[in-house]
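Structure record follows, encoded as structure tokens.
The values are calculated or read from the model by the stated rules, or taken from the named source; none is laboratory data. As the structure is a prediction and not an experimental result, all values here were calculated from the model. FYI the Cβ positions are ideal-geometry reconstructions off the backbone, even for glycines, and counts take in every protein chain you see.
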Amino acid sequence: AARNDADGVRGYVPSMGQIFLRRFQLVTQFRQALDSGQIEVHYQPKVALPDRRVIGAEALVRWSHPEYGRLDPDEFIPVVEATGLVDALTSFVMERALVRVRDWLDRDLRMSAAVNLSVRNLADESFPDRVSEALVRHAVPPELLTFELTESSVMADPERSLPVLRRLRELGVILAVDDFGTGYSSLAYLRRLPVDEVKIDKSFVLGMGTDLSDMAVVRSIVELGHSLRLQVVAEGVEDDAARDKLVQMGCDTAQGYLISRPLSEERFEAWLQARTVR
Ligand code: C2E
Ligand code: CA
Ligand code: CA
Ligand code: CA
């Protein structure tokens, strides 16, 4: 583990001991982080194609850690997922998201919020009741709440997760398969999942401009999704060329840096304001 200033950050390789220590700290500090405002929810808009109308936003967590600075969810979510704390995280994000949706409705904006679920939520048979209670408490119609889940989180324990998904769907919330195209995706399997929406993994969308096979994957997911009567969302839309291609293919919804990066609540509201005024 070489660390010297001449090497700069790039030369620093943490030892196994340091990695374990950091993971241990993240687990033990997460609860307090949640309660003390270190965990923030950012929002990334989703727009309809081709008209670019804003139809909602995905809620994405950020951790401003007092020692490590801004932590990427890819670093702390897997750690938190390994503990029971992910239930608290999902509830926290869902509460924030429902407050946003209610606030938008009060301003005559019919927009939905999407919340990412973890494998633990899908194994939790009491989760749908908590969702139902939260929708009532916030007076939000169920179709304005979307849950994003990966196929691998469903596949981890289908006997437990499928009944949970069915109950969620009965409530009327929208279910989306996230990161589609990675993992065990298969046509037969997608057909059996009780979902409304498929989200093409950003790796394929990002690759479309340079890689013909990525283009072919995106096109076939759009066609597959539509043949199953699913809404098709593309994430990772970074440039006009990708957007134009997706419009040509008939993709329904786009999300990505071209439209906006994920923004803090205040900045998202400002962005929305600037958009609707025009
Ligand atoms: P995800 O659900 O696939 O979310 C999309 C990720 O792509 C986000 O990364 C987003 O910032 C990024 N992204 C959006 N547009 C673009 C683009 O145009 N180009 C590129 N290169 N990237 C783009 P982020 O925010 O770092 O989140 C990473 C992952 O962490 C998420 O992947 C999701 O799996 C997980 N995550 C985030 N928030 C939550 C949460 O509240 N609960 C759970 N269980 N997982 C979460
Ligand atoms: Ca997602
Ligand atoms: Ca995704
Ligand atoms: Ca992901």
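What tally of residues in the range 140-156 results from selecting those that are within 16 Å of ligand 2 (Cβ to nearest atom) and buried (at least 18 other Cβ atoms within 10 Å of the Cβ)? So that I can check it myself, show each step before the final result.
Keep residues of the range 140-156 that are within 16 Å of ligand 2 (Cβ to nearest atom), which gives 145-154.
Checking the rest, the ones that are also buried (at least 18 other Cβ atoms within 10 Å of the Cβ) come to 145-151, 153-154.
Qualifying residue count, the range 140-156: 9.
Please name all residue pairs, on different chains or six or more residues apart, with Cβ atoms under 9 Å, provided the first residue is in the range 221-242 and is under 19 Å from ILE55 (Cα atoms) and in a loop (DSSP other than H, G, I, E, B) and the second residue is away from ligand 3 (no atom under 16 Å from the Cβ) and at pLDDT below 95.
Once the first residue is under 19 Å from ILE55 (Cα atoms) and in a loop (DSSP other than H, G, I, E, B) and sits in the range 221-242, its partners that are away from ligand 3 (no atom under 16 Å from the Cβ) and at pLDDT below 95 give LEU230/LEU224; GLU238/GLY209.
Looking only at the range 128-154, count every residue that is assigned to a helix (DSSP H, G or I) and either more than 16 Å from ligand 3 (Cβ to nearest atom) or of a type in the set (Ser, Thr, Tyr) (or both) and tell me the total.
First, pick out the residues of the range 128-154 that are assigned to a helix (DSSP H, G or I): 128-138, 142-144, 151-154.
Checking the rest, the ones that are also either more than 16 Å from ligand 3 (Cβ to nearest atom) or of a type in the set (Ser, Thr, Tyr) (or both) come to 128-138, 142-144, 152-153.
So the answer is 16.
For the range 243-276, enumerate the residues that are closer than 20 Å to LEU49 by Cβ, in a helix (DSSP H, G or I) and not hydrophobic (A, V, I, L, M, F, W, C). Spell out how you get there, then give the answer.
Let us first name the residues in the range 243-276 that are closer than 20 Å to LEU49 by Cβ, namely 243-262, 271-272, 275-276.
Those still in the list that are in a helix (DSSP H, G or I) too: 243-249, 271-272, 275-276.
Matches in the range 243-276: ARG243, ASP244, LYS245, GLN248, ARG275, THR276.
Just give me the residues in the range 167-224 being on the phi > 0 side of the Ramachandran plot and among the acidic types (Asp, Glu), in sequence order. I'd like the intermediate steps shown before the answer.
As a first pass, look at the range 167-224 and keep what is on the phi > 0 side of the Ramachandran plot: 172, 179, 181, 183.
Listed by number, the list holds a single entry, ASP179.
Taking the condition in a helix (DSSP H, G or I), loosely packed, with under 15 Cβ neighbours inside 10 Å and out of contact with any strand residue (DSSP E or B) (no Cβ under 8 Å at 6 or more places or on another chain), does GLU159 pass?
Numbers: in a helix (DSSP H, G or I): yes; loosely packed, with under 15 Cβ neighbours inside 10 Å: yes; out of contact with any strand residue (DSSP E or B) (no Cβ under 8 Å at 6 or more places or on another chain): yes.
Against the criterion (in a helix (DSSP H, G or I), loosely packed, with under 15 Cβ neighbours inside 10 Å and out of contact with any strand residue (DSSP E or B) (no Cβ under 8 Å at 6 or more places or on another chain)), GLU159 qualifies.
VAL205 - would you say it is part of a strand (DSSP E or B) and within 16 Å of ligand 2 (Cβ to nearest atom)? Even if it seems obvious, please write down each step before you answer.
Values: part of a strand (DSSP E or B): no; within 16 Å of ligand 2 (Cβ to nearest atom): yes.
Criteria not met by VAL205.
Would you call ASP108 on the phi > 0 side of the Ramachandran plot and over 20 Å from the mean Cα position of the chain (by Cα)? Give the steps one after another, and end with the answer.
Numbers: on the phi > 0 side of the Ramachandran plot: yes; over 20 Å from the mean Cα position of the chain (by Cα): yes.
Against the criterion (on the phi > 0 side of the Ramachandran plot and over 20 Å from the mean Cα position of the chain (by Cα)), ASP108 qualifies.
Filter the range 142-185 down to the residues that are out of contact with any helix residue (DSSP H, G or I) (no Cβ under 9 Å at 6 or more places or on another chain), away from ligand 4 (no atom under 16 Å from the Cβ) and among the small types (Gly, Ala, Ser) and list them by number.
If the condition is that a residue be out of contact with any helix residue (DSSP H, G or I) (no Cβ under 9 Å at 6 or more places or on another chain), away from ligand 4 (no atom under 16 Å from the Cβ) and among the small types (Gly, Ala, Ser), then no residue fits.
State which residue pairs qualify: first residue under 10 Å from VAL198 (Cβ atoms) and within 11 Å of ligand 3 (Cβ to nearest atom) and inside the range 172-184, second residue among the aliphatic types (A, V, I, L, M) and part of a loop (DSSP other than H, G, I, E, B) in any location, beta carbons under 9 Å apart, and separation of 6 or more residues or different chains.
Partner pairs satisfying both residue conditions: ALA176/VAL195; ALA176/LEU230; VAL177/LEU193; VAL177/VAL195; VAL177/LEU230; ASP178/LEU117.
So is ASP124 of a type outside the set (A, V, I, L, M, F, W, C), more than 16 Å from ligand 3 (Cβ to nearest atom) and more than 20 Å from LEU85 (Cα to Cα) or not?
no
Quick check on my filter: what residues within the range 226-278 are over 19 Å from the mean Cα position of the chain (by Cα), surrounded by 14 or more Cβ atoms within 10 Å (Cβ to Cβ) and hydroxyl-bearing (Ser, Thr, Tyr)?
none
Scan the range 28-51 for residues that are more than 30 Å from SER112 (Cβ to Cβ) and either among the hydroxyl-bearing types (Ser, Thr, Tyr) or modelled with pLDDT under 85 (or both) and jot them down. Full working, then the answer.
From the range 28-51, those more than 30 Å from SER112 (Cβ to Cβ) are 28-29, 32; that's our starting set.
Selection gives THR28 alone.
Before we move on, is PHE147 among the hydrophobic types (A, V, I, L, M, F, W, C), under 19 Å from the mean Cα position of the chain (by Cα) and either over 17 Å from ALA114 (Cα atoms) or away from ligand 1 (no atom under 16 Å from the Cβ) (or both)? Don't jump to the end; show me each part of the working.
Values: among the hydrophobic types (A, V, I, L, M, F, W, C): yes; under 19 Å from the mean Cα position of the chain (by Cα): yes; either over 17 Å from ALA114 (Cα atoms) or away from ligand 1 (no atom under 16 Å from the Cβ) (or both): no.
Here the answer is no, as PHE147 does not meet what is asked.
Please work out which one of (1) within 16 Å of ligand 3 (Cβ to nearest atom); (2) more than 22 Å from GLN44 (Cβ to Cβ) is the condition ALA114 fails and give its number.
Of everything listed in (1) within 16 Å of ligand 3 (Cβ to nearest atom); (2) more than 22 Å from GLN44 (Cβ to Cβ), ALA114 misses just condition (2).
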